[in-house]
Amino acid sequence: MRRIAIALTAGVACIATIAVIATSGSAQGPVPTSLHLVEKDQNSVGFGPDRKPRQGDRFGFGSKVTGDDTGVGRGVCTVIGKTQALCNVEERLAKGTLSAQGLVSLSGPANKIPFAIIGGTGAYDGARGVAVVTDVNSTTTDIQITLRP
C-alpha cells in the first residue's frame, strides 16, 4: 500500500508541477517554451483507502512547488485498472491556476511520464503543452515542461 501511495503521490506531484510550469508568465509577456519545477509532498494533505487500492478507488494529494514558479498543487486520482490511475491536478499560483491530466503507474516511481497541460485561468488562460515527470525520491518530483505557442 505504501509503495502504491508513493507512486500515486509522485505521479500527482508530477502533474501538479507540470501545471505550474505551464502557467509561468503567459500574461506577462511571451510565454516561455520550457520550464522546470520541483514538487515536495505535503504529508498533512490528502486522502486514500486504508487498503490496497482497487479499481474505482480515489486518492487525493497536495504538494508545494518551487523552481521557475512557486505555489501549491492539489490533485485527485481514480484507479482505473490494476496498475494505473487517471489523475487531475490543479496548480494554484500567484497569477492564476493551471490544470493538468495524465495516467500514473501504481506499480513504481514515475520516470519520464508525460502529462497534458489542459488549461488555466488568470494569467495562464489557455495554457497548453506537455509536462514530463520524474520522481527524484518518494517525496520529491522533478518536472520539465514544454509549452506550445
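No value in this document is a laboratory result; all are computed from the given coordinates. Keep in mind the model is a prediction, meaning the values are calculated, not measured. Every residue, glycine as well, gets a Cβ built from its backbone with ideal geometry; the counts of neighbours run over all protein chains shown.
Taking the alpha-carbon distance from Lys82 and a cut-off under 23 Å, which lysines remain once sequence neighbours fewer than 8 residues away in the same chain are dropped? Leaving aside lysines fewer than 8 places away in the same chain, those within reach of Lys82 are Lys52, Lys112.
If you take every residue apart from Lys40 with its C-beta less than 13 Å away from the C-beta of Lys40, what net charge results, scoring Lys and Arg +1 and Asp and Glu -1? Here the count lands on -3. Straight-line cross-link reach from Lys95 at under 20 Å between alpha-carbon atoms covers these lysines, not counting any fewer than eight positions away in the same chain: Lys64.
Counted residue by residue at 0.36 nm each, then reduced by the alpha carbon distance between them, the extension gain from Phe47 to Ile80 reaches 10.2 nm. Extension gain, Ser107 to Thr139, is 9.9 nm, computed as 0.36 nm per intervening residue step minus the present C-alpha separation. Label sites at Thr70 and Asn88, each approximated as a point 7 angstrom past Cα along Cα to Cβ, lie 3.0 nm apart. Taking 7 Å steps out from each Cα toward its Cβ at Asp125 and Asp57 produces label points 4.1 nm apart.
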